[in-house]
Amino acid sequence: MKLILIAGAALLASTALANAEAFTFTSKGTITNQVGAPGPGGTPTGASFSTVESATTWASGKKTTAKGSCATWSAAPGGALSVNGACTLTDADGGYAASFACAPMDKTNTVAHCWGGLTGTSGKHQGKSGTVSWRTTQAADGKSNTAVGSGQWY
């Protein structure tokens with residue numbers, strides 16, 4: 001359940017824009033607030049809010065950093081996904097948003113694979129779109145997570 005509450009945080013704090021250039025990233029998300037309640041049939045449901053910081057390496061070798069905020073919430077019960085989420089981020093080139101989904105990779109829901117879309121919202125990112133995917137791992141204390149991933153702006 002805790003990964004559900006922080007999976008988004010690790011993401012997407014990842015990208016500065018280059019024209020159709022691929023990138024890799026590492027990031028850390030830290031929970032700033034969370035809520036939870038019993039859901040349908042007593043299944044736990046919840047949401048979390050996190051701050052995110054990331055380091056991106058572009059195919060060209062350029063390195064950039066980004067900071068932002070994410071919200072994640074429980075996916076519908078009974079499906080293959082554990083969490084849905086959205087982030088807004090800013091780097092030196094402007095702002096962008098990400099929407100994503102994650103699927104748990106272990107029974108404790110502390111590791112997940114996530115994927116989603118990027119939408120540029122300001123600066124050099126304005127009007128651009130992209131894709132991103134990553135693996136997120138929850139910290140032992142359940143209050144933060146790290147992610148390693150890749151993507152591309154188009």
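The values are calculated or read from the model by the stated rules, or taken from the named source; none is laboratory data. Worth saying up front: this structure is predicted, and the values here are computed from it rather than measured. Reconstructed Cβ throughout: ideal geometry from the backbone, glycine too, with neighbour counts over all protein chains shown.
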Next on the checklist: Here are the criteria: (1) at pLDDT 85 or above; (2) surrounded by fewer than 20 Cβ atoms within 10 Å (Cβ to Cβ). Tell me which single one Phe23 does not satisfy.
Outcome noted: (2)
Checklist entry - Which one of the conditions (1) of a type in the set (Val, Ile, Thr); (2) surrounded by fewer than 20 Cβ atoms within 10 Å (Cβ to Cβ); (3) more than 16 Å from Phe23 (Cα to Cα) does Thr72 fail to meet, given that it meets all the rest? => result (2)
Checklist entry - Quick check, is Gly41 farther than 27 Å from Tyr154 by Cβ, assigned to a loop (DSSP other than H, G, I, E, B) and not aliphatic (A, V, I, L, M)? => result no
Checklist entry - Quick check, is Ala86 modelled with pLDDT of 95 or more, farther than 19 Å from Thr137 by Cβ and touching a Ser or Thr at 6+ places or on another chain (Cβ under 7 Å)? => result yes
Checklist entry - Among the residues of segment 62-85, which ones are under 18 Å from the mean Cα position of the chain (by Cα) and farther than 19 Å from Ser27 by Cα? => result Trp73, Ser74, Ala75, Ala80, Leu81, Ser82
Item to check | Hits in segment 67-84 - residues which are among the hydrophobic types (A, V, I, L, M, F, W, C) and over 12 Å from Gly46 (Cα atoms) | outcome: Cys70, Ala80, Leu81
Checklist entry - If you take the residues of segment 102-140 that are crowded, with 17+ Cβ neighbours inside 10 Å and in contact with an Asp or Glu (Cβ under 7 Å, 6 or more places away or on another chain), which of them is nearest to Ser150 (Cα to Cα)? => result His125
Next on the checklist: Can you find a residue that is touching a Leu at 6+ places or on another chain (Cβ under 6 Å), without any contact (Cβ under 8 Å) to a residue 40 or more places away in the chain and of a type outside the set (Ser, Thr, Tyr) anywhere in segment 97-109?
Outcome noted: yes
Checklist entry - What number of residues within segment 141-154 are buried (at least 16 other Cβ atoms within 10 Å of the Cβ) and part of a loop (DSSP other than H, G, I, E, B)? => result 1
